[in-house]
Amino acid sequence: QKEVEQDPGPLSVPEGAIVSLNCTYSNSAFQYFMWYRQYSRKGPELLMYTYSSGNKEDGRFTAQVDKSSKYISLFIRDSQPSDSATYLCAIGETDKLIFGTGTRLQVFP
Amino acid sequence: SQTIHQWPATLVQPVGSPLSLECTVEGTSNPNLYWYRQAAGRGLQLLFYSVGIGQISSEVPQNLSASRPQDRQFILSSKKLLLSDSGFYLCAWSRQVLEAFFGQGTRLTVV
């Protein structure tokens with residue numbers, strides 16, 4: 001079993017839709033949960049991070065962590081074509097991050 | 001503000017040739033530095049990380065090595081490239097343990 005599992009997609013949605021991206025992980029010792037966005041041929045950029053269970057909101061983005069289920073989510077409200085990218089979850093413990101394979105999202109007008 | 005520079009952006013090298021990719025960070029001191037490789041469908045694989053000059057930790061056995069000759073400089077090298085070394089290589093830095101910030105990457109094709 002992989003330490004971090006993420007559906008690779010692609011996920012195609014119309015503009016304005018609510019998008020849900022998810023990852024599961026296997027190690028209950030993981031404490032840090034992050035989401036990165038990566039545009040084609042670019043390096044990933046940190047989008048959101050959280051260290052605890054519950055929700056964290058930043059504009060149109062909400063990160064959700066459920067430690068009991070070892071499940072994290074990223075919700076994008078009112079999705080825009082500019083949100084089209086690959087979204088990678090990253091989960092870690094004290095000194096390193098483990099990344100999911102990334103979910104490719106396409107938002108069409 | 002902090003910036004990270006990685007070059008070159010693309011590179012085509014023959015099998016058996018050497019490799020040197022360089023990464024530098026500006027605007028911060030004593031950063032943690034990382035080299036990742038990204039292959040299609042496999043996510044980001046951590047290759048090396050460094051918490052200080054001359055201190056390198058290797059995550060996976062491979063044909064590559066890393067060095068940190070200066071505080072804000074991280075170099076990825078190989079003496080003889082293999083076809084399987086092709087991929088997208090990313091350098092990253094962090095101040096705290098985990099909030100890594102990435103460079104723009106080098107797409108390496110070994111032919």
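So here's what we get for this one:
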read-out	value
Selected residue (criterion: nearest to residue B:59 (Cα to Cα)) from residues of segment A:64-109 that are among the hydroxyl-bearing types (Ser, Thr, Tyr) and either more than 14 Å from every other protein chain (Cβ to nearest Cβ) or touching a helix residue (DSSP H, G or I) at 6+ places or on another chain (Cβ under 9 Å) (or both)	A:71
Any strands (runs of 3 or more DSSP E) falling wholly within segment A:1-63 and containing at least 2 residues that are under 10 Å from the mean Cα position of the chain (by Cα)	A:19-25, A:32-38, A:45-50
Search result, residues across segment B:68-111 that are surrounded by fewer than 19 Cβ atoms within 10 Å (Cβ to Cβ) and charged (D, E, K, R)	B:71, B:79, B:80, B:95, B:99, B:107
Scope segment A:78-98; condition assigned to a helix (DSSP H, G or I), open to solvent by 40 Å² or more (accessible area, probe 1.4 Å) and within 19 Å of residue A:43 (Cβ to Cβ); matching residues	A:82
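A quick yes/no check of all residues on (1) more than 11 Å from every other protein chain (Cβ to nearest Cβ); (2) in contact (Cβ under 8 Å) with a residue 40 or more places away in the chain; (3) acidic (Asp, Glu); (4) open to solvent by less than 60 Å² (accessible area, probe 1.4 Å):
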| residue | (1), (2), (3), (4) |
| --- | --- |
| B:4 | no, yes, no, yes |
| B:10 | no, yes, no, no |
| B:13 | yes, yes, no, yes |
| B:19 | yes, yes, no, yes |
| B:22 | yes, yes, yes, yes |
| B:25 | yes, yes, no, yes |
| B:30 | yes, yes, no, no |
| B:39 | no, yes, no, yes |
| B:44 | no, yes, no, yes |
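The values are calculated or read from the model by the stated rules, or taken from the named source; none is laboratory data. Bear in mind that the values here come from a model prediction, so they are computed numbers and not experimental data. A quick note on method: Cβ atoms are made from the backbone with ideal geometry, for glycine too, and the neighbour counts reach across all protein chains shown. Each accessible area value is taken on the protein alone, full model and side chains, heavy atoms only, with ligands, DNA and RNA left out. Shrake-Rupley method; radii C 1.70, N 1.55, O 1.52, S 1.80 Å.
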